[in-house]
Every structure is written in C-alpha cells, then in structure tokens.
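Participant: Just passing along the structure, written as structure tokens.
Values in this text are rule-based calculations from the coordinates and carry no lab data. Just so it is clear, the structure is predicted and the values come from calculations on it, not from any experiment. For neighbour counting, all protein chains shown are included, and Cβ atoms are generated from backbone atoms with ideal geometry for every residue, glycine included.
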Amino acid sequence: MYLTSSAISNGVIEDKYGKRGNCFKNEMPTYSLPFEIHDAPKNTVSFAFVLDDPDAIPVAGFSWVHWIGANLITSFVPADASRHASFIQGKNSWGENLYGGMAPPNAPHIYQLHVYALDCLLNLREGFSLNELNKEMEGHVIDKAILKGKYDN
C-alpha cells in the first residue's frame, strides 16, 4: 500500500493547505489536503489516518496532530474534504474535529500522513482522541503507509 497527494510536489506541501492559504477557523488553516490510497489489501473494510508533525516536539512538547479520521471507506480523499467529511473526525491538537493545516512557528517542518488499512469499521464517535483511535485499531491493522511533505515557516 502506498499514498500520493496532488498537494505535495517534490516533497513540498502547497501553501494553500497551511497558514498561507485562504480558509481559516479561529486562525487555524482548514483547507485540507487531498490524498489517495493505492494498492490497499483486498480485505480492507475501512481506513483510518493521522496527519501529524513530529517536528513540533521541541516547540509544543509533543507531535502536533493536524488531522485524524476513521471509518473512511473510499481510497480517495479530495481537497477540502474535512469541511464536508463522509468519515468521522477526531480532535486535532487545536481541539477541533477537523483539519488544522500547517503553521510551523520556528522552521520548516516535515508533516507525516499515516494511513491504516483496517479489517473493520471502528467503534468511535466524532471528536475521538488519538489514544482512542490507537486502542480501537489494535488487532485490526492489515497494512499501513506514510506520506511525508515539508511546509516552510
């Protein structure tokens, strides 16, 4: 299984998916990046995903979660899907149940999109936490993939 995104060119995330974009909620960028899942196992029932920023650890003290979703049943997520989601979304590190785009405060950061192919739908509700997602996925991950992209400060 592997991931692609039209929002990432030569390893760089386009400006419109972060702090230099046009869509915001309380100063948080909300225009979510598109991605596509390729070659998922045939027995995949759903996908879960986490977009995080481990480069935020020195600044925030933890890997900043920008977007978290579960019970995705399609392999293509279009741009701005977060505001019109057909899947459930968990709380990001801003405390919102939607995409919170890139806004590195101190230097360029490398963002990681983790996608998990699952053998079931997960028993989660809108606003779930990363810990809840990890607990629900235990024993159900049949494949996983990571896509990375850089966003300049």
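Participant: Summing -39500 (n - 2.57) over the DSSP H runs of n ≥ 4 in the chain and dividing by its residue number, what mean residue ellipticity at 222 nm do you reach, to the nearest 500 deg cm²/dmol? Before the final figure, lay out the partial values.
Facilitator: Working: 2 runs with 12 residues, N = 153.
Helices in the chain give a 222 nm mean residue ellipticity of -2000 deg cm²/dmol.
Participant: Would you kindly derive the ³J(HN,Hα) couplings of the stretch 123-128 from the backbone phi angles with the Karplus curve 6.51 cos²θ - 1.76 cosθ + 1.60 (θ = phi - 60°), listing them in order in whole Hz, with x for Gly and Pro?
Facilitator: Using θ = phi - 60°, the values come out as 8, 10, 10, 3, x, 4 Hz.
Participant: In terms of the Cα gyration tensor, with a ≥ b ≥ c the square roots of its eigenvalues, is the stretch 65-137 rounded because a/c is under 1.5, prolate because a/b exceeds b/c, or oblate? Don't skip to the answer; put the middle values down first.
Facilitator: Working: a/c = 1.71, a/b = 1.51, b/c = 1.13.
Prolate is the answer for the stretch 65-137, as a/c is 1.5 or above and a/b outweighs b/c.
Participant: Run the dipole for the chain about the Cα centre, Lys and Arg Cβ at +1, Asp and Glu Cβ at -1, nothing else charged, and hand back the magnitude in debye, nearest 20. Intermediate results must be reported in sequence, preceding the final value.
Facilitator: Details: 12 positive and 17 negative charges, 36 e Å.
My answer is approximately 180 debye.
Participant: So who's got an amide H within less than 5 Å of the one on Gly127, skipping anything under 5 residues away but keeping other chains? H placed 1.01 Å off N, in plane.
Facilitator: HN-HN under 5 Å from Gly127: Gln89, Gly90, Lys91.
Participant: Would any residue of the stretch 3-29 have its amide N under 20 Å from a label point 7 Å out along Cα→Cβ of Phe62? List them or say none.
Facilitator: Residues 28-29 fall inside that zone.
Participant: Measuring from centroid to centroid over Cα atoms, what is the spacing of the stretch 43-60 and the stretch 75-112 in Å?
Facilitator: 9 Å
Participant: Using a Förster distance of 25 Å, how high is the FRET efficiency between Lys150 and Asn123, based on the Cβ-Cβ distance and rounded to 0.05?
Facilitator: That pair, Lys150 with Asn123, gives E of 0.10.
Participant: Within the stretch 95-120, whose backbone N sits under 18 Å from a point 7 Å along Cα→Cβ of Val12?
Facilitator: 102-112
Participant: Taking Lys42 as the anchor, which aspartates and glutamates have their alpha carbon closer than 20 Å to its alpha carbon, excluding any fewer than eight residues away along the same chain?
Facilitator: Asp119, Glu138, Asp143
Participant: Now a separate question. From Cα pairs below 8 angstrom and at least 6 apart in sequence, can you work out the relative contact order of the chain, rounded to a whole percent?
Facilitator: It comes to 29 percent, rounded to a whole number.
Participant: With each pseudo-label sitting 7 Å past Cα toward Cβ, what's the Ser86-Lys135 distance in nm, one decimal?
Facilitator: Between Ser86 and Lys135, the label points sit 3.0 nm apart.
Participant: Below 19 Å, Cα to Cα, which lysines can Lys148 reach? Residues fewer than 8 away in the same chain don't count.
Facilitator: Here the lysines satisfying the reach criterion relative to Lys148 are Lys16, Lys19.
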